[in-house]
Amino acid sequence: MKAACGLIAALSLAVSEVSGHYIFQQFGVGSTKFGVYEHVRKNSNYNSPVLSLTSNDLRCNVGGASGAGVATLDVKAGEAFTFFTDVAVYHQGPISLYMSKAPGKVSDYDGSGDWFKIYDWGPTFSGGQSSWPMRTSYQYNIPKCIQDGEYLLRIQSLAIHNPGSTPQFYVSCAQINVSGGGNTTPNPMVKIPGIFKATDPGYTANIYNNFKSYTVPGPSVFTC
Ligand SMILES: *[C@@H]1O[C@H](CO)[C@@H](O)[C@H](O)[C@H]1NC(C)=O
Ligand SMILES: [Cu+2]
């Protein structure tokens, strides 16, 4: 699985079987965990990764361009939220969180506007070894200072476990309605697709060969 996952992904599409990859399918706020795809847009790609750097599927996964049938969740600025996977993330690589303010209702929003990054989980280096945060849940806080309104909140696992093969994006978007925020416009703002390049050092990195530092792809992290 781990070595041949591109092949398995292709096969699973061909025969319409579940490949068993991890997917960020549940969202939580505070101590409340909501249902599978209750506030997360449902993918339609059998958990296979997105491989193209230019596809709109990079935003909210294949099938995630629309929020039809997905309930938008009220959250407070500053509140803790969590994305949960079905099975623990098992491909090495960074996990990042992005947000994009919807021009109207987030359920109608395709993610074509501006995105900002609010957090990265990268590797830790110790005693010549690297380790990655491969878990079933990822928690962070809604930035306190952003404007109230409806947002896509996106989580991305960039799998770089197979140096030399095309890195893989596992992504999901939750739909949230932020209140109690401030009036700061986050920066930098980027587009998805567009922000990730095939030449990014964090995209081409070989995590098995003299791997001593790492820069997570994408913009710098915005903090209030
Ligand atoms: C978003 O939250 C605010 C504040 O709680 C509320 O007044 C508003 O109705 C909510 N918007 C939607 C679409 O639920
Ligand atoms: Cu895989």
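All of the numbers you see were taken from the coordinates with simple rules; none came from a lab. None of the values given here were measured: they were computed from a predicted structure. Please note: Cβ atoms are built from the backbone with ideal geometry, for glycine as well, and neighbour counts cover all protein chains shown.
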Checklist entry - Rounded to the nearest 5, what % of the DSSP beta bridges within the chain are antiparallel ones? => result 85 percent
Item to check | Cβ-derived FRET efficiency at R0 25 Å, Ser165 paired with Phe125, nearest 0.05 | outcome: 0.60
Item to check | For peptides 200-212, 133-145, 167-179, sequence by mean Cβ density within 10 Å, most packed first | outcome: 167-179, 133-145, 200-212
Checklist outcome for this item: Kirkwood-based Rg/Rh on the Cα set of the chain evaluates to 0.95
Checklist outcome for this item: Taking 95-102, 41-48, 62-69 and ranking on average Cβ neighbours within 10 Å, highest first, one gets 95-102, 41-48, 62-69
Next on the checklist: Compute the distance from the alpha-carbon center of the stretch 79-134 to that of the stretch 159-224, in whole Å.
Outcome noted: 8 Å
Next on the checklist: If I stretch the segment between Asn210 and Ser66 completely, what's the gain in nm (0.36 nm per residue apart, minus their alpha carbon distance), one decimal?
Outcome noted: 47.6 nm
Checklist outcome for this item: Answer in debye to the nearest 20: the dipole magnitude of the stretch 22-204 about its Cα centre, from +1 Lys/Arg and -1 Asp/Glu charges placed on Cβ, is 120 debye
Checklist entry - Which length gain, in nm to one decimal place, applies between Val36 and Asn141 when the Cα-Cα distance is subtracted from 0.36 nm times their residue separation? => result 35.7 nm
Checklist entry - Around Gly113, with a cut-off of 11 angstrom between Cβ atoms, what is the net charge of the other residues, counting Lys and Arg +1 and Asp and Glu -1? => result +1
Checklist entry - 222 nm [θ] for the chain, helices only, -39500 (n - 2.57) per DSSP H run of 4+, per residue, to 500? => result -2000 deg cm²/dmol
Item to check | Length gained when the stretch Thr223-Asn177 is fully extended (0.36 nm per residue, less Cα-Cα span) | outcome: 14.6 nm
Checklist outcome for this item: Under 5 Å from the placed amide H of Val221, counting only residues 5+ away or on other chains, we find none
Checklist entry - Helix 5-15: angle to the longest alpha-carbon principal axis of the chain, degrees 0 to 90, nearest 10? => result 70 degrees
Checklist entry - For Lys33, which lysines qualify as cross-link partners when the Cα separation must be under 28 Å and same-chain residues fewer than eight apart are set aside? => result Lys42, Lys76, Lys101, Lys105, Lys117, Lys144
Item to check | Of Tyr46, Val221, Tyr208, farthest towards positive along the dipole that unit charges on Lys, Arg, Asp, Glu beta carbons give the chain | outcome: Tyr208
